[in-house]
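Let me begin by presenting the structure, written as structure tokens, before commenting on it.
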């Protein structure tokens with residue numbers, strides 16, 4: 001791996017099946033240990049129950065407030081600066097109860113690959 005600066009490409013944002021918008025800041029085979037994505041959940045929306053196989057995910061809340069549910073933990077309100085740790089295989093979802101966007105970084109180790117995403121809606 002070589003030193004690099006990867007500018008955020010706002011135009012690369014896409015809607016993911018989970019129910020939120022994603023911009024991948026860094027996710028490549030050249031850096032398999034970590035991926036970084038910015039997630040945006042619109043006001044009033046809740047992402048789908050899902051989990052990641054073999055990947056630990058961390059949310060770093062940047063803007064807005066949310067109600068996050070992970071595994072068997074009770075729902076918890078999260079705010080800017082909070083970090084949510086989601087071990088591999090733990091179901092998760094987040095709700096945006098606010099009027100504006102809920103924005104957070106999703107840091108995955110090892111890096112996120114779409115085949116690891118499992119929809120867990122019943």
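The values are calculated or read from the model by the stated rules, or taken from the named source; none is laboratory data. Computed from a predicted model, the values in this text were never measured in an experiment. Note that each Cβ is placed from the backbone with ideal geometry, even for glycine, and that neighbours are counted across all protein chains shown.
Descriptive notes on the structure:
- Matching option when the condition is assigned to a strand (DSSP E or B) and free of Cβ contacts under 8 Å to residues at least 12 places away in the same chain, among 15, 104: 15
- Pairing each residue of segment 1-12 that is at pLDDT below 95 with any residue that is in a helix (DSSP H, G or I) and surrounded by 10 or more Cβ atoms within 10 Å (Cβ to Cβ), provided the two are 6+ apart or on different chains, yields no C-beta distance under 8 Å.
- When residues in segment 63-94 are screened for being over 12 Å from the mean Cα position of the chain (by Cα) and touching a residue at least 40 places away in the same chain (Cβ under 8 Å), 2 of them pass.
- Hey, residue 119 loosely packed, with under 13 Cβ neighbours inside 10 Å, more than 11 Å from residue 57 (Cβ to Cβ) and in contact (Cβ under 8 Å) with a residue 60 or more places away in the chain or not: yes
- Note on segment 40-59: residues that are farther than 15 Å from residue 20 by Cβ and surrounded by fewer than 18 Cβ atoms within 10 Å (Cβ to Cβ) amount to 4.
- Residues of segment 64-80 satisfying the condition of being closer than 12 Å to residue 101 by Cα and buried (at least 18 other Cβ atoms within 10 Å of the Cβ): 64, 66
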